[in-house]
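Have a look at the structure below before the remarks.
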Amino acid sequence: MKSKLAFAAAIAALVTACSPEVYQVNLEVRQPSKSGLNLHGKSIGIVYEEGLTQDNALFAAQTASAFARELESDYFGSKEVIGLYTVPAQDSVTVSTLRDLVMDTGEDVIFLMNSSAGEAVSEGIIPFKMELYAYDSMGEDKLSSFHGQTTLKKLDQDSADNIAKRISPRFKSVWKPESFRFYWFDDFYVESWLDAIDKVHEGDFTTAISIWERFVKSKNRQKAACASYNIAMGFYLLGDMGLATRWLDAAEGMENVSLAPGLRKRIASHLEK
């Protein structure tokens, strides 16, 4: 009996003394678009001005719809969630104009599209101009504007789709590789720690968090602190800076977590954008 107790005590001491290992994960991280607008996690509305003719009005609607589909493919997994609205032609567009549209629509970000197709100058050549204004109510209080012109053969859906494909890359996400570090322990629960990291590799941060939550109530404060840090990083990757900060505070309240200052700087930098 004594030998069994001695063996159990030795194992317990080994587990208690186990130090955390650091695992680095390289991920592609979404950055603001080339336009400078950060549209991720925000509701978007596209407002188009009514055309002076029936053909112009229909084409404006088709172009706005095609532009919405392009943005939805990047930010919403192709779910049709971007609101489409129409307004009379504006004499001038100001920050106040876009602020009012935010209030009217309830969207976080508003695009105002003013497009016009002229009379065909020769067979198969229709001059086309577009002015696109953007306002992010959750960002800087400023109006962004983009202008362009081209020629079209027809005012049809194919032409609208082509225009949307040409203008949308400016507003789609830019992806940048970044490295993220997580703690894990080489102990009896090593498979669980590494399962969580596998989920991070897959981009399934929610499941990874649920795995780490099992260790937060551990009697080993170091493990609980490291698990809390991992959870904080998980929420950072999910874009929830509030929960990321709360879990990071909890981690540092338990132990001196060496990776914590780096994550805190990342959170602060994200909040400044």
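Criterion applied to Leu84, Leu132, Leu155 was being within 27 Å of the chain's Cα centre (by Cα) and buried (at least 19 other Cβ atoms within 10 Å of the Cβ), and the one residue passing it is Leu132. Taking the stated definitions as given, is Tyr183 among the hydroxyl-bearing types (Ser, Thr, Tyr), over 30 Å from Glu72 (Cβ atoms), in contact with a Pro (Cβ under 7 Å, 6 or more places away or on another chain) and outside the structural domain of Ser78 (by TED's automatic domain parsing)? Spelling it out, Tyr183 is indeed among the hydroxyl-bearing types (Ser, Thr, Tyr), over 30 Å from Glu72 (Cβ atoms), in contact with a Pro (Cβ under 7 Å, 6 or more places away or on another chain) and outside the structural domain of Ser78 (by TED's automatic domain parsing).
What about Ala224, is it crowded, with 16+ Cβ neighbours inside 10 Å, touching a Ser or Thr at 6+ places or on another chain (Cβ under 7 Å) and either outside the structural domain of Gly139 (by TED's automatic domain parsing) or over 19 Å from Asn26 (Cα atoms) (or both)? Explain how you work it out, then say what you get.
Numbers: crowded, with 16+ Cβ neighbours inside 10 Å: yes; touching a Ser or Thr at 6+ places or on another chain (Cβ under 7 Å): yes; either outside the structural domain of Gly139 (by TED's automatic domain parsing) or over 19 Å from Asn26 (Cα atoms) (or both): yes.
Yes: the conditions hold for Ala224.
Select from the stretch 201-211 the residues that are modelled with pLDDT of 95 or more and in contact with a strand residue (DSSP E or B) (Cβ under 9 Å, 6 or more places away or on another chain) and list them in ascending order. The one that is modelled with pLDDT of 95 or more and in contact with a strand residue (DSSP E or B) (Cβ under 9 Å, 6 or more places away or on another chain): Ala208. Scanning the stretch 92-149 for residues that are touching a residue at least 12 places away in the same chain (Cβ under 8 Å) and polar (S, T, N, Q) turns up Thr94, Thr97, Thr105, Asn114, Ser115, Ser116, Ser137, Ser144, Ser145, Gln149.
Within the option set Leu71, Leu58, being over 19 Å from Lys172 (Cβ atoms) and assigned by TED's automatic domain parsing to the domain that holds Ser137 holds for one residue only, Leu58. Regarding the stretch 107-119, can at least one residue be identified that is loosely packed, with under 14 Cβ neighbours inside 10 Å, of a type in the set (Asp, Glu) and not assigned by TED's automatic domain parsing to the domain that holds Ala225? Yes, the stretch 107-119 has at least one match. Looking at Val102, Val25, just one residue is among the hydrophobic types (A, V, I, L, M, F, W, C) and assigned by TED's automatic domain parsing to the domain that holds Asn220, and that residue is Val25.
Look at (1) more than 17 Å from Tyr48 (Cβ to Cβ); (2) modelled with pLDDT of 95 or more; (3) surrounded by fewer than 17 Cβ atoms within 10 Å (Cβ to Cβ) and you find that Lys142 fails only one, number (2).
Report, by residue number, each residue of the stretch 215-234 that is in a helix (DSSP H, G or I) and farther than 16 Å from Asp198 by Cα.
Of everything in the stretch 215-234, those that are in a helix (DSSP H, G or I) and farther than 16 Å from Asp198 by Cα turn out to be Phe215, Arg221, Gln222, Lys223, Ala224, Ala225, Cys226, Ser228, Tyr229, Ala232.
Does at least one position in the stretch 138-150 carry a residue that is charged (D, E, K, R) and touching a Ser or Thr at 6+ places or on another chain (Cβ under 9 Å)? So far as the stretch 138-150 goes, no, none of its residues is charged (D, E, K, R) and touching a Ser or Thr at 6+ places or on another chain (Cβ under 9 Å). Within the stretch 242-256, the set of residues being surrounded by fewer than 17 Cβ atoms within 10 Å (Cβ to Cβ) and either within 21 Å of the chain's Cα centre (by Cα) or closer than 21 Å to His40 by Cβ (or both) comprises Gly242, Leu243, Arg246.
In the stretch 42-155, counting only strands (runs of 3 or more DSSP E) that sit wholly within it, the ones holding 2 or more residues that are hydroxyl-bearing (Ser, Thr, Tyr) span 83-87, 109-117, 126-136, 144-152. When the stretch 156-181 is filtered for residues that are closer than 29 Å to Glu28 by Cβ, in contact (Cβ under 8 Å) with a residue 60 or more places away in the chain and in a helix (DSSP H, G or I), the ones remaining, listed by number, are Asp161, Ile163, Ala164, Lys165, Ile167, Ser168, Pro169, Arg170, Phe171.
Taken together, the residues in the stretch 182-221 that are under 15 Å from Phe235 (Cβ atoms) and either free of Cβ contacts under 8 Å to residues at least 60 places away in the same chain or surrounded by 14 or more Cβ atoms within 10 Å (Cβ to Cβ) (or both) amount to 15.
For the stretch 227-247, which positions are under 18 Å from Gln24 (Cα atoms) and free of Cβ contacts under 8 Å to residues at least 40 places away in the same chain? Quick ask: steps written out before the conclusion?
From the stretch 227-247, those under 18 Å from Gln24 (Cα atoms) are 227-238; that's our starting set.
The answer is Ser228, Ile231, Ala232, Gly234, Phe235, Tyr236, Leu238.
The values are calculated or read from the model by the stated rules, or taken from the named source; none is laboratory data. Predicted, not measured: the structure shown is a model, and the values here were computed from it. Positions of Cβ are backbone-derived with ideal geometry, glycine not excepted, and every protein chain shown enters the neighbour counts.
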